[in-house]
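> One structure, as structure tokens, below. Some questions next.
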Amino acid sequence: IHIPFCKQTCSYCDFHFSTSLKSKEAFVSSLLHEIELQNNYLGNDALIETVYFGGGTPSLLSADELDKIFKTLYDNFSIAKNAEITLEANPDDLSKTKLQELKHSPVNRLSIGIQSFFEEDLKLMNRAHNSQQAENCIQESQDAGFENITIDLIYGTPGLSNAKWKKNLAKVFSYDIPHLSSYSLTVEEKTPLESHIKKGKVKAIDEEQSAEQFLILMEETANNGYEQYEISNFCKQG
């Protein structure tokens, strides 16, 4: 389920989203209607084992909006009792109050867009959170009872040394997070990042260093008990 709203534009992103929340209420209403229209899409006997809220930024949904979506999903589809239900979230949204709301919803897995634990990287990417929020949200998510957590990290950013990249990974391992998605920074057309590089405001991507950091990623995750099951995805046993 794609929730196409964001607080601000990340410099590298070319996904479909809007930074205006004016149409969020109308969007949710249309989404509920679409779920009802598609209730026979998988057939009557299909048992859904995963529900994934991607974005955009699904953590911008209010508790009431999430409740309405879940009610409509459960009314129209057969969802397994132990279904894995993931919500993508940004660190700046995951207040203690928000985490408690999510804990009382069917959401049982968080996908947190950390991207980096370093302030300078987050500013370059124009992320809405800071480095302290990046750390706090993981600890507070775990304290709220979320054990099934995945985070996103980005490597290959201009100015990210191999030593800093290893520190980013070490931070993930210190929290014993069961899943990691890690992506090489790419310059997409018509993004702010492309414009900044063309204007000389940001250094061009060093592809050789990106490749080195990918090798570091594979080595460090393997050394810490993660299995690489896709190019960018790593998980612990089970």
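> Determine whether region 159-180 contains at least one residue that is polar (S, T, N, Q) and closer than 30 Å to P106 by Cα.
Among the residues of region 159-180, at least one is polar (S, T, N, Q) and closer than 30 Å to P106 by Cα, which makes the answer yes.
> Give I138, I112 a once-over and let me know the one that is open to solvent by less than 60 Å² (accessible area, probe 1.4 Å) and in contact with a Pro (Cβ under 7 Å, 6 or more places away or on another chain).
Exactly one residue qualifies, and that residue is I112.
> Here's a follow-up. Regarding region 87-98, can at least one residue be identified that is among the β-branched types (V, I, T) and at pLDDT 95 or above?
Yes, that holds for at least one residue.
> List the residue pairs whose Cβ atoms are under 9 Å apart, where the first residue sits in region 56-70 and is on the phi > 0 side of the Ramachandran plot, the second is of a type in the set (V, I, T) and open to solvent by less than 10 Å² (accessible area, probe 1.4 Å), and the two are 6 or more positions apart or on different chains.
Filtered contacts from region 56-70: G56/I3.
> Determine whether E208 is touching a strand residue (DSSP E or B) at 6+ places or on another chain (Cβ under 9 Å), open to solvent by 40 Å² or more (accessible area, probe 1.4 Å) and charged (D, E, K, R).
no
> For region 220-234, give me the residue count where each residue is farther than 13 Å from N162 by Cα and either part of a helix (DSSP H, G or I) or in contact with a Gly (Cβ under 7 Å, 6 or more places away or on another chain) (or both).
Total meeting the criteria: 3.
> Working carefully through the options K171, K190, K201, find the one that is in a helix (DSSP H, G or I), basic (K, R) and either farther than 15 Å from L122 by Cα or open to solvent by 50 Å² or more (accessible area, probe 1.4 Å) (or both).
K171
> Can Q100 be described as without any contact (Cβ under 8 Å) to a residue 40 or more places away in the chain and outside any loop (DSSP other than H, G, I, E, B)?
No, not satisfied.
> OK, next. Have a look at L217, L180, L153 and point out the one that is surrounded by 15 or more Cβ atoms within 10 Å (Cβ to Cβ) and in contact (Cβ under 8 Å) with a residue 60 or more places away in the chain.
Exactly one residue qualifies, and that residue is L217.
> Tell me, which residue of region 175-187 that is part of a loop (DSSP other than H, G, I, E, B) and among the hydroxyl-bearing types (S, T, Y) is farthest from S232 (Cα to Cα)?
Only one residue tops the list, namely Y175.
> Can we say V107 is part of a loop (DSSP other than H, G, I, E, B) and open to solvent by less than 30 Å² (accessible area, probe 1.4 Å)?
Yes; evaluated as a whole, the condition is true for this residue.
> Test of understanding: among K7, K71, which residue is part of a loop (DSSP other than H, G, I, E, B), open to solvent by 40 Å² or more (accessible area, probe 1.4 Å), in contact with a Leu (Cβ under 9 Å, 6 or more places away or on another chain) and not hydroxyl-bearing (S, T, Y)?
K7
> E208 - would you say it is charged (D, E, K, R), in a helix (DSSP H, G or I) and closer than 15 Å to N168 by Cβ?
Criteria not met by E208.
> Can I ask one more? Can you tell me which residues in region 10-59 are in a helix (DSSP H, G or I), open to solvent by 30 Å² or more (accessible area, probe 1.4 Å) and among the hydroxyl-bearing types (S, T, Y)?
S29, S30
> To continue, here is another question. Give me the residue from region 79-100 that is open to solvent by 60 Å² or more (accessible area, probe 1.4 Å) and of a type in the set (S, T, N, Q) and, out of that set, farthest from Q133 (Cα to Cα).
N82
The values are calculated or read from the model by the stated rules, or taken from the named source; none is laboratory data. All figures in this text were calculated on a predicted structure; none of them were measured in a lab. Heads up, the Cβs are rebuilt from the backbone with ideal geometry, glycines too, and the neighbour counts pull from every protein chain shown. All accessible areas refer to the heavy atoms of the entire protein, side chains included, with ligands and DNA or RNA removed. Shrake-Rupley method; radii C 1.70, N 1.55, O 1.52, S 1.80 Å.
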